[in-house]
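Student: Following this message is one structure expressed as structure tokens.
The values are calculated or read from the model by the stated rules, or taken from the named source; none is laboratory data. Only a predicted model underlies this, so the values are computations on that prediction, with no experimental measurement involved. Neighbour counts run over all protein chains shown; Cβ positions are idealised from the backbone, glycine included. Protein only, heavy atoms only, side chains kept; ligands, DNA and RNA dropped before computing areas. Shrake-Rupley method; radii C 1.70, N 1.55, O 1.52, S 1.80 Å.
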Amino acid sequence: PLVRYRTSDLITAVSAEPCECGRTHPRIKVRHRSDDIVNMGLMRFSIYQLKEKMEELGTHGQVAKWQLRLTRENTKAKGILLVQPKGEVADREAFVKEIEAKMDELKGIKQSWENGLIAKPEARLVDEVVEKRTMSGKVRYAIYEDDYLREA
């Protein structure tokens, strides 16, 4: 059963004792998958860290859906966060600034763009975020655009 997991998957061992059903392999809980890591070249972070930041929003608006689109600005990786607000937003500009500030709180993001390793990420409010799903039905939060995948 462990062949289903990848190197870099983060797990917690629940028990190493044999199961009542007779299985002898350790029982584990997957905390997050390695494919949930957003790769922006030298900068990497878990999509779940960004998800937590989006759930913290609330001063100028709330998020119904969001999606991180990864592209390039010249040769540098760039993240564009598409956000579908929940309900009406009175001050759209303030809400975008609040979202971008939350993105900057992610470990390494602000330092990476300030040091020229990545292009400055941006947030955009959209009417609708079209969800993409994996074959297993899981929502794909990070989408790599063709521009990102082409070599710079």
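Student: Taking only the range 93-133 into account, find how many residues are modelled with pLDDT under 85 and open to solvent by less than 40 Å² (accessible area, probe 1.4 Å).
Tutor: Looking only at that region, the number is 0.
Student: Moving on to the next point. Can you tell me which of A90, A77 is modelled with pLDDT of 80 or more and outside any strand (DSSP E or B)?
Tutor: The conditions single out A90.
Student: Ok, one more. So which residues in the range 67-92 are under 18 Å from I143 (Cβ atoms) and open to solvent by less than 40 Å² (accessible area, probe 1.4 Å), if there are any at all?
Tutor: Q67, L68, L70, T71, A77, K78, G79, I80, L81, L82, V83, Q84
Student: Return the residues of the range 72-105 that are β-branched (V, I, T) and free of Cβ contacts under 8 Å to residues at least 40 places away in the same chain; say none if nothing qualifies.
Tutor: V89, V96
Student: Which residue, of A13, A64, is in contact (Cβ under 8 Å) with a residue 12 or more places away in the chain, in contact with a Pro (Cβ under 9 Å, 6 or more places away or on another chain) and either surrounded by 15 or more Cβ atoms within 10 Å (Cβ to Cβ) or within 28 Å of E128 (Cβ to Cβ) (or both)?
Tutor: A64
Student: Here's something else I'd like to know. Go through the range 106-139 and give me each residue that's in contact with a Lys or Arg (Cβ under 6 Å, 6 or more places away or on another chain) and in contact (Cβ under 8 Å) with a residue 40 or more places away in the chain.
Tutor: Within the range 106-139, I118, A119, L125, V129, K132 meet the criteria.
Student: Kindly provide the set of residues from the range 55-84 that are of a type in the set (A, V, I, L, M, F, W, C) and under 10 Å from the mean Cα position of the chain (by Cα), ordered by number.
Tutor: Within the range 55-84, W66, L68, L81 qualify.
Student: Further question: Name the single residue, out of those in the range 118-152 being touching a helix residue (DSSP H, G or I) at 6+ places or on another chain (Cβ under 8 Å) and of a type outside the set (D, E, K, R), that is farthest from L42 (Cα to Cα).
Tutor: Of everything passing the filter in the range 118-152, L125 is farthest from L42 (Cα to Cα).
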